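Reviewing the structure listed below.
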Amino acid sequence: MNYSFLLEIKPIAADNYVAFTFFIGCMAMLAASVFFFFEVGATSKEWRTSVLVSGLITFIAAVHYYYMRDYNLATNESPTFFRYVDWLLTVPLMCVEFYLITKKVGAKISLLTKLIAASLIMLVTGYIGEAIHGKDMQSWIWGLISGLAYFYIVYLIWFGEVAKLAQSAGPAVNRANKTLAWFVLVGWAIYPLGYIAGTEGGLFGMKILSGLSMDVIYNIGDAINKIGFGLVIYSLSRSAN
Ligand SMILES: *C/C=C(C)/C=C/C=C(C)/C=C/C1=C(C)CCCC1(C)C
């Protein structure tokens with residue numbers, strides 16, 4: 001047996017808070033996944049898929065964080081590609097959660113399609129702005145398009161179809177949807193802040209947020225939005241309708 005890989009373990013320097021948040025993020029996502037997966041069996045049939053999807057979201061993130069943690073430690077760079085692969089998988093699954101909680105009162109596949117399409121536009125334009133134009137001023141244009149798609153999602157969940165369906169689905173679903181709507185409005189707004197922090201010219205050339213680390217901001221956002229979001233679904237599954 002060749003144990004040389006053990007010697008390759010790179011310690012995290014005490015002041016390397018970027019690497020540390022990748023590490024703790026990985027652990028938190030794993031722990032949350034174990035929790036959600038084990039709780040599926042003790043969930044009523046009606047909510048089982050929703051809790052399972054909560055676990056899938058944190059599990060997909062855990063695998064990506066495991067990789068991103070390694071990548072960042074080895075290169076000292078942002079794992080932008082895998083960050084966006086993670087989001088491309090997990091954000092549509094969050095859209096699925098909105099569909100699942102409103103399906104019983106008539107949510108259609110077309111609603112799910114709208115949510116997923118908007119999230120894909122939001123993420124692909126964000127990726128172009130970050131990976132291709134991250135070092136020049138054009139990235140704000142891509143950020144703006146991404147932001148429009150983001151506000152469309154916010155609209156659907158706060159005032160549009162999702163909100164209306166949730167209202168007709170009874171107080172428990174409506175309450176859960178309101179909490180999730182706050183996650184989308186406030187929790188998801190953390191990401192554009194990370195984007196601005198990671199863009200060389202800042203916002204429209206203003207050097208705002210430039211002292212902050214994009215990855216730390218994204219990692220905090222992910223922990224809140226993936227684990228917190230999943231817990232709202234979990235608590236809905238435990239509330240009597
Ligand atoms: C689990 C991961 C989640 C919930 C990721 C969400 C990501 C966003 C809401 C990203 C939004 C962006 C903008 C609204 C503009 C700038 C570019 C993005 C992609 C960072």
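Taking each DSSP H run with n ≥ 4 as -39500 (n - 2.57) and averaging over every residue of the chain yields -22500 deg cm²/dmol at 222 nm. Relative to the dominant Cα principal axis of the chain, helix 109-127 is inclined by about 10°. Counting 0.36 nm for each residue step from N174 to Y17 and taking away their Cα separation leaves a gain of 52.7 nm. Between K108 and I190, the simple spin-label model (points 7 angstrom out along Cα→Cβ) gives 3.6 nm.
Among the lysines of the chain, pairs that are 8 or more positions apart or on different chains and have alpha carbons within less than 30 Å of each other number 29. Computed from point charges on the beta carbon alone (+1 for Lys and Arg, -1 for Asp and Glu), the dipole magnitude for the chain about its Cα centre is near 960 Debye.
Each of V85, T199, V96 was scored by the projection of its Cα onto the charge dipole of the chain, and the greatest displacement toward the positive side belongs to V96; charges sit on the C-beta of Lys, Arg, Asp and Glu. Over all alpha-carbon pairs in the chain, figure out the percentage whose distance exceeds 33 Å. Beyond 33 Å sits 22 percent of the P(r) for the chain. Available extension along the chain between F151 and L212 is 19.5 nm, counting 0.36 nm per residue and deducting the alpha carbon span.
Sorting the segments 26-38, 222-234 by their residues' average number of neighbouring beta-carbon atoms within 10 angstrom, most packed first, yields 222-234, 26-38. Restricted to Cα atoms, the stretch 1-95 shows a radius of gyration and a Dmax of 16.0, 50 angstrom. In the chain, a dipole from Cβ-located charges (positive for Lys and Arg, negative for Asp and Glu) runs towards its positive end, and of I24, S50, N72 it is S50 whose Cα lies farthest in that direction.
Relative to the longest principal Cα axis of the chain, at what angle does helix 17-40 sit, 0 to 90 degrees, rounded to 10? The answer is roughly 30 degrees. Counted residue by residue at 0.36 nm each, then reduced by the alpha carbon distance between them, the extension gain from L89 to A131 reaches 13.3 nm. In nanometres, what is the gap between the two model label sites at A74 and F37, each 7 Å from Cα along Cα-to-Cβ? The modelled label-to-label distance comes out at 2.4 nm.
The numbers here are math on the coordinates, done by the rules we state, and not lab data. As the structure is a prediction and not an experimental result, all values here were calculated from the model. Note that we place each Cβ from the backbone using ideal geometry, even for glycine, and neighbour counts take in every protein chain shown.
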